[in-house]
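In what follows, a single structure is set out as structure tokens and then discussed.
The values are calculated or read from the model by the stated rules, or taken from the named source; none is laboratory data. Remember, predicted model here, so these are calculated numbers, not experimental data. Ideal geometry is used to build each Cβ from the backbone, glycine not excepted, and the neighbour counts take in all protein chains shown. SASA here: full protein model, heavy atoms, side chains in, ligands and nucleic acids out. Shrake-Rupley method; radii C 1.70, N 1.55, O 1.52, S 1.80 Å.
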Amino acid sequence: MQNGTYMILEKINKPNDIKKLSPIEYNQLADEIRQFLIEKISVTGGHLASNLGVVELTMALHLAFNLPQDKLIWDVGHQSYTHKLLTGRKNQFDELRKFGGMSGFPKRNESNYDAFDTGHSSTSISAGLGLATARDVKGEKYSVVSVIGDGALTGGMAYEAMNNASQLKTNFIIVLNDNTMSISKNVGGINDMLGEIRSSDSYYDLKEGIGNVLYKLPYGEKMVNRIKKTKNNLKQIILHDSLFESMGIYYLGPIDGHDIEKLIKIFKIAKRIDGPVLVHVVTQKGHGYKPAERNPSKFHGIGPFDIKTGKEMKKTDIPTYSDVFSESICELAKEDKYVAAITAAMPDGTGLHKFSKWFPERFYDVGIAEAHAVTFAAGLAAGGLKPVFAVYSSFLQRAYDQILHDVCIQHLHVVFAIDRAGLVGSDGETHQGIFDISFLSSIPNMTILAPKNAWELKQALRFSLLEFDGPIAIRYPRGKACLDFEEFKTPIEYGRAEVLYKEKDIALLALGSMVKIADDVRRELKDEGYNVTLINARFVKPVDELMLIDICRSHSLIVTLEENVSTGGFGRLVCQYINDSNLDNHVLNISLPDDYIEHGSVDILREETGIDKETIKTRIKSVYNYYNGD
């Protein structure tokens, strides 16, 4: 098969076209789907390794179930590309993850074959149980299938859902996609338990064989149920009691996740079970593409790449903010033996890989379990360490209660290194880091910093670990670190902003990533004859009140600029202070709208949401001229 030539895939144009194929065509279709995904993602970028691992699994689900009447829910959802291809969206892959194009995650408003919107981990069982329960209440008849990865099983929500599901008396199918990976390699007891089950093929081959025979006999289902009640002694001899069956969930597997015929067969058996059933499927992340098989973490989410070599395009020598954080925390850990680092299954993405190699005794990967990570960090701090929890902004949302109760009430010294703060681009609504200022600034005892460039990120981390004592968050954006403003290196002082240019009339109070944009706006306004002060706010909380009092004396218009939603944001904090202080200044808040922001490049999203240079400049001129009679 040559690039772009697909014999069987050409037959897949509408939903359920796969059911028109002959079984002898299945394996070739799987090969062609992999080739299609590799070719498309090499151009657009996207999640490759996870999708290559579930091609046969997805095909089997579409063949064994009747979609969209049956409901299929993908946990996280970044592995849904084959599902999208099989449901009539093949021609949309050229616009995958682009603004206005197809999302990289399931979206109900995109297709009625997407039963539930997902984007974060460990949610599919809860959602599926809700759908199954609604089905039963309404007296309807359809199957509900929740697909969840083994990495997602480190999330406590999955166990809450399974505990609840054990009470169900009607069919509900959980498919455990076990590839030994989440984004990075899985860790912990769940991974060890699944490894033990994977190695017990003899027991499950015997169990599957007996079950298949008995189901075909008259009263076979009753015989299976009786045997289930007496099987524990046999199981104790061959295999430790399964966690899932101890929870009241019938277990089938492990099954080769790349054997379509076997998968179809086991799904048909699973549909006949009255109650929750878990089908354990073993797959290989990156299957069928050697570079992704060798390095699945790299190909979890990748930009455009060369198919032959697997090398990502457009790499530059400019460090990312994650790189800067990585170097800085390692330097500080050399100085202070109590500095520790925590990740929730993302040592590579958050820049902690180097720390894990240099300081393994102070590095903790807790799995996909952000809530646990925060309280674990609180315990480390209570014990005298200086923990840094490095986490993406959108994932920190999952631990709000723990931040509020376990860290901030006790005023514990936990540092939150919040990566991907602000617009992140192609992953869309579930991954935009645009709410952290709002939900963190409402918490007493929390301090929030937003550095303007690479140098300031280093200083912020040093300040937070070595000079500060209490809960503190440092938010920084995705991508290349800003290397500008090298002439401005005012030492960080608690709660104090940094004045970059002092004039009068218009004051720009910019936060973090917006300082560079504000500097460009200031230059152009200056060229048009306006007097403009530029201040690097640095601290979201506490707001620099002394600075505000000072600029309010000589500036009629205060403009706040931030990459966060407006409600609860930095601009609202500034407005509140000015209002409470009875200051007579006009305030213009430049922020993101109170909305969910779709996928697309960051530059396009800034234009669409009105935080790009041209829109900001136009708004400032309009407001200033209005209040000054021009």
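Here are the numbers:
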| quantity | calculated |
| --- | --- |
| Under 5 Å, built H, 5+ apart or other chain: amide partners of residue 340 | 386, 388 |
| Reach of residue 354 by Cα under 17 Å, taken over aspartates and glutamates that are not fewer than 8 positions away in the same chain | 323, 327, 331, 335, 336, 365, 419 |
| Distance between region 379-409 and region 547-567 - C-alpha centres, whole angstrom | 30 Å |
| Percent of beta bridges antiparallel (DSSP, region 346-497, rounded to nearest 5) | 10 percent |
| Residue-averaged 222 nm ellipticity for the chain, from DSSP H runs of 4+ at -39500 (n - 2.57), nearest 500 | -11000 deg cm²/dmol |
| Rough spin-label spacing in nm, given labels placed 7 Å along Cα→Cβ, for residue 487 and residue 307 | 5.0 nm |
| Global form of region 1-122, assessed from the alpha-carbon gyration tensor, a/c cut-off 1.5 | oblate |
| Gyration tensor verdict on region 515-592 (Cα atoms; rounded if a/c is under 1.5, prolate if a/b is larger than b/c, oblate otherwise) | oblate |
| Net charge of Cβ neighbours under 14 Å - reference residue 40; Lys, Arg +1; Asp, Glu -1 | +2 |
| Residue 466 accessible area, 1.4 Å probe, all protein chains in place, Å² to nearest 10 | 60 Å² |
| Estimated Rh, region 37-94: Kirkwood, alpha-carbon pairs, angstrom | 12.0 Å |
| HN-Hα J in Hz across region 354-370 - Karplus 6.51, -1.76, 1.60, θ = phi - 60°, x for Gly and Pro | 4, 4, 5, 7, 7, 10, x, 6, 10, 10, 9, 9, 8, x, 6, 7, 5 |
| On Cα atoms only, tilt of 514-527 relative to the major axis of the chain in degrees | 40 degrees |
| Cβ-derived FRET efficiency at R0 45 Å, residue 269 paired with residue 480, nearest 0.05 | 0.30 |
| For residue 7, net neighbour charge (Lys/Arg +1, Asp/Glu -1) across residues whose Cβ lies under 12 Å away | -3 |
| Alpha carbon centroid spacing (whole Å) that separates region 290-367 from region 576-630 | 35 Å |
| Order of exposure, largest accessible area first, which applies to 25, 56 with probe 1.4 Å | 25, 56 |
| Per-residue HN-Hα couplings for region 155-160 [Karplus 6.51, -1.76, 1.60; θ = phi - 60°; Hz; x = Gly/Pro] | x, x, 4, 4, 6, 4 |
| Karplus (6.51, -1.76, 1.60) ³J(HN,Hα), θ = phi - 60°, over region 13-22, in Hz, Gly and Pro reported as x | 10, 10, x, 6, 4, 4, 6, 8, 7, 7 |
| Cα long-axis angle, helix 321-335 against the chain (0 to 90 degrees, to the nearest 10) | 80 degrees |
| Other-chain or far-sequence residues with amide H under 5 Å of residue 448's (modelled H) | 473, 540, 541 |
| Environment charge at residue 556 (Cβ cut-off 10 Å; Lys +1, Arg +1, Asp -1, Glu -1) | -1 |
| Region 416-470: C-alpha gyration tensor shape, a/c 1.5 cut-off, then a/b vs b/c | oblate |
| For the chain: accessible area per residue (Å², 1.4 Å) | 41 Å² |
| Mean separation of Cα contacts under 8 Å (6+ apart) over length of the chain, as relative contact order % | 11 percent |
| Region 310-469 - percent relative contact order, Cα under 8 Å, separation 6 or more | 21 percent |
| FRET efficiency for residue 24 and residue 167, using Cβ-Cβ distance with R0 set to 56 Å, rounded to 0.05 | 0.85 |
